[in-house]
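Here the structure is laid out as structure tokens; the discussion comes afterwards.
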Amino acid sequence: MARYVIVGAGPAGVIAAETLRQQDADGEIVLLGEEPEPPYSRMAIPYYLTGGIEESGTYLRKARDHYAKLEIEIRQVAVSKVDTGADKLVLADGSALPYDQLLLATGASPVQPPVPGLDLPGVHHCWTLEDARQIADLADRGASVVLMGAGFIGCIILESLLARDVKLTVVEMEDRMLPRMMDQTGGAMIKRWCESKGTSVLTSTKVTEIKAANGGGLQVALDSGEQVPAALVVVATGVKSNAELVQDGDVEVDQGIVVDNHLRTSVPNVYAAGDVAQAPDHSTGGWSVLAIQPTAADHGRVAALNMAGVETTYKGNLAMNVLDTAGLVSVSFGRWDGGDGCETAESVDAENFRYMRLVFEEDRVVGALSLGHTDHVGVLRGLIQGDVHLGDWKERLQADPCRIMEAYLGSTLS
């Protein structure tokens with residue numbers, strides 16, 4: 001009987017455990033997580049902050065006996081070391097846990113920028129349920145809040161804070177909002193949208209220091225010389241893969257843990273999935289870390305199938321972000337920023353916050369940006385992930401990029 005051990009109880013780990021049970025009715029499955037709560041989705045935390053769901057609503061599986069019924073053992077314990085030579089883990093309590101097949105689904109952690117004062121009371125990341133509890137206690141109606149970072153995670157948090165009716169200032173060091181998801185046109189449009197909702201958005205601006213203010217609260221110093229008072233500072237300045245457990249061992253590590261198209265690492269019985277895995281990239285042909293939940297779910301399933309002996313090829317990461325920022329839906333897919341040999345086409349309706357940008361390589365759409373076009377999300381993904389050849393539809397899309405649905409039907413059904 002095989003023993004499968006999974007380190008990390010996020011979406012990749014949970015889906016892997018469930019897939020293993022589907023494939024192996026008798027194998028022993030152990031799922032390790034460090035946090036005291038049942039396995040939950042970090043992407044559901046903003047909904048908890050708005051009051052839309054209770055804490056239990058963030059749980060990946062709602063039934064209390066879900067894991068017990070599947071005979072998946074959950075242990076809430078940290079791992080101190082991975083000993084690939086001996087096929088075992090050393091746990092924080094000093095005990096050893098042998099494995100036959102190991103999946104590392106350790107996720108990512110928030111980046112800590114080099115800003116004095118980040119350890120002060122009232123400064124929080126928004127990454128765990130405990131973080132969310134602390135933020136909810138401080139983000140009262142009318143409270144002054146500074147949000148550091150306007151990337152993907154920052155903008156998710158932004159919407160939750162606006163729903164709590166706080167006085168919000170967003171500070172982003174890059175020259176636009178969502179700098180890794182949007183170009184100048186899209187980023188400027190989202191900034192203008194947020195400002196129309198009463199948010200102060202400061203781009204090309206850095207926080208230089210956070211201090212305790214006289215009389216309580218915090219004082220946030222900016223490189224412009226401005227001082228912003230705050231009852232709460234939320235830090236959302238990016239994440240990095242949690243690859244430390246194998247950093248000095250036989251497992252190859254780059255930006256994350258490097259895996260092949262079976263999600264296998266350089267050690268044959270060790271796999272990686274989710275935010276920690278640097279996997280084949282569909283768009284570029286190289287390898288990338290793509291820290292989004294749909295990718296983590298795909299990784300977990302494919303890794304588990306291969307761990308159970310069902311050879312399955314992973315099709316590759318597809319850069320894919322869908323974001324609702326205070327009611328404005330933005331989308332980026334694939335190689336939205338173009339590159340050598342690419343052509344582009346754009347449609348801009350700035351007054352109505354609608355934008356479409358398509359990137360072509362020969363007669364295929366290889367990247368796209370979209371704002372305010374919610375009906376195009378699935379079609380854009382299908383065109384890019386399916387490597388659909390457009391034929392005559394390429395010229396029509398270059399003339400009007402919003403004819404996506406017609407192009408998809410015309411190219412796939414003809």
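Here, each number is a calculation from the coordinates, and none is a lab measurement. Keep in mind that this is a model prediction, so the values were computed, not measured. Using ideal geometry, Cβ is built from the backbone for each residue, glycine included, and neighbour counts are taken over all protein chains shown.
Brief remarks follow.
- Between Leu120 and Asp392, the modelled label-to-label distance comes to 6.6 nm, taking each label 7 Å out from Cα in the direction of the beta carbon.
- Modelled spin-label separation between Asp175 and Gln385, with each label point placed 7 Å from Cα along the Cα-to-Cβ direction: 3.4 nm.
- Over 25 Å [Cα-Cα, region 123-235], rounded percent: 16 percent
- Taking a ≥ b ≥ c as the square roots of the eigenvalues of the Cα gyration tensor, region 283-371 is oblate, since a/c reaches 1.5 or more and a/b is not larger than b/c.
- Most mobile listed residue (Ala136, Ala304, Ala92) in the chain, GNM with C-alpha springs under 10 Å: Ala92
- Normalised contact order of region 44-183, rounded percent, pairs of Cα under 8 Å and 6 or more residues apart: 20 percent
- Equivalent-ellipsoid semi-axes of region 14-92, from the Cα gyration tensor, Å, largest first: 27, 18, 10
- Computed about the Cα centre, the dipole magnitude for region 123-235 is approximately 180 debye when only Lys and Arg (+1) and Asp and Glu (-1) carry charge, each at its Cβ.
- Value in Å of the Kirkwood radius, where the chain supplies the Cα pairs that are averaged: 22.9 Å
- His376, His299, His389 arranged by Cβ crowding within 10 Å, fewest neighbours leading: His389, His376, His299
- Calculated FRET efficiency for the pair Ser266/Thr312, C-beta based, R₀ 25 Å, to 0.05: 0.85
- Sparsely packed loop sites in region 332-414 (the GluC sites (Glu not before Pro) outside DSSP H, G, I, E and B with at most 16 other Cβ atoms within 10 Å) comprise Glu362.
- Counting beta carbons within 10 Å around each of Thr412, Thr58 and listing the fewest first gives the order Thr412, Thr58.
- Fully extending the segment from Glu343 to Asp324 would add 4.1 nm, taking 0.36 nm per residue of separation and subtracting the current Cα-Cα distance.
- By definition, a body whose alpha carbon gyration tensor gives a ≥ b ≥ c is prolate when a/c is 1.5 or more and a/b is larger than b/c, and region 22-61 fits this prolate description.
- Rounded if a/c under 1.5, otherwise prolate or oblate - region 186-226, Cα gyration tensor axes: oblate
- Largest GNM mean-square fluctuation among Met307, Met148, Met43, using the chain with Cα springs under 10 Å: Met43.
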